[in-house]
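*Asks:* Following this message is one structure expressed as structure tokens.
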Amino acid sequence: MMDSLYRENILEHYKQPHHWGELAEPDLEAEDNNPLCGDELKVQLKLGADGRIADVAFSGHGCAISQASASMASDEVIGMPVDDLIRLDRDFVLELLGIDISATRMKCALLSLKVLKSAGLGHAVAWESDTPPSAAELSREG
């Protein structure tokens, strides 16, 4: 039962994403993509004088999981100090989504986190090292 509520929430965020668009004068921005499924995401951050995130905007395209996680995460990071943003980990996104994410969808789910952290740090960050490789990646390496 709870699973279906989370799924509905994901679809709502996908259909009507929060903070969608672009900021006129962002202080920080980053964009990245998930090469496995072609999701693209750009995040822009506006900082307040106190170093906290005053506003956020994201744009791009992709699957429901990547877009919904960006929408949900954007709600959460407003008011957050950049220092806290860059320390967020995969559990932050997975708890927001609230459903089991398969290994093949993990990069879709974590794309928003990767781009948010890249924006906060001012340079691209790596995928979380403990993200298990997907079957597609494993077959390429084999």
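The values are calculated or read from the model by the stated rules, or taken from the named source; none is laboratory data. Predicted model only: the values in this text are computed from it and were never measured. Don't worry about glycine lacking a Cβ; one is built from the backbone with ideal geometry, like all the others, and counts go over all protein chains shown.
*Asks:* Among the numbered criteria (1) surrounded by 13 or more Cβ atoms within 10 Å (Cβ to Cβ); (2) farther than 22 Å from residue 99 by Cβ, which one does residue 13 miss?
*Replies:* Looking at each condition in turn, residue 13 falls short on (2).
*Asks:* Residue check, residue 40 against (1) in contact (Cβ under 8 Å) with a residue 60 or more places away in the chain; (2) in contact with a Gly (Cβ under 9 Å, 6 or more places away or on another chain), all met but one. Which one?
*Replies:* Result: residue 40 fails condition (1) only.
*Asks:* I'd like to know if the stretch 28-35 contains one or more residues that are without any contact (Cβ under 8 Å) to a residue 40 or more places away in the chain and loosely packed, with under 15 Cβ neighbours inside 10 Å. Talk me through it step by step, then tell me what you get.
*Replies:* So in the stretch 28-35, the residues without any contact (Cβ under 8 Å) to a residue 40 or more places away in the chain come out as 35.
Now restrict to residues that are loosely packed, with under 15 Cβ neighbours inside 10 Å: 35.
Within the stretch 28-35, one or more residues are without any contact (Cβ under 8 Å) to a residue 40 or more places away in the chain and loosely packed, with under 15 Cβ neighbours inside 10 Å.
*Asks:* Only one of 131, 104 is modelled with pLDDT under 90 and under 16 Å from residue 63 (Cα atoms); which?
*Replies:* None of the other options fit; the residue is 104.
*Asks:* Identify the residue in the stretch 6-35 that is part of a strand (DSSP E or B) and within 18 Å of residue 57 (Cα to Cα) and, among all such residues, is farthest from the chain's Cα centre (by Cα).
*Replies:* Taking the stretch 6-35 first, the residues part of a strand (DSSP E or B) are 20, 28-34.
Next cut, within 18 Å of residue 57 (Cα to Cα) only: 20, 28-33.
Working: 20: 13, 28: 15, 29: 13, 30: 11, 31: 11, 32: 10, 33: 11 Å.
Taking the candidates together, the pick is 28.
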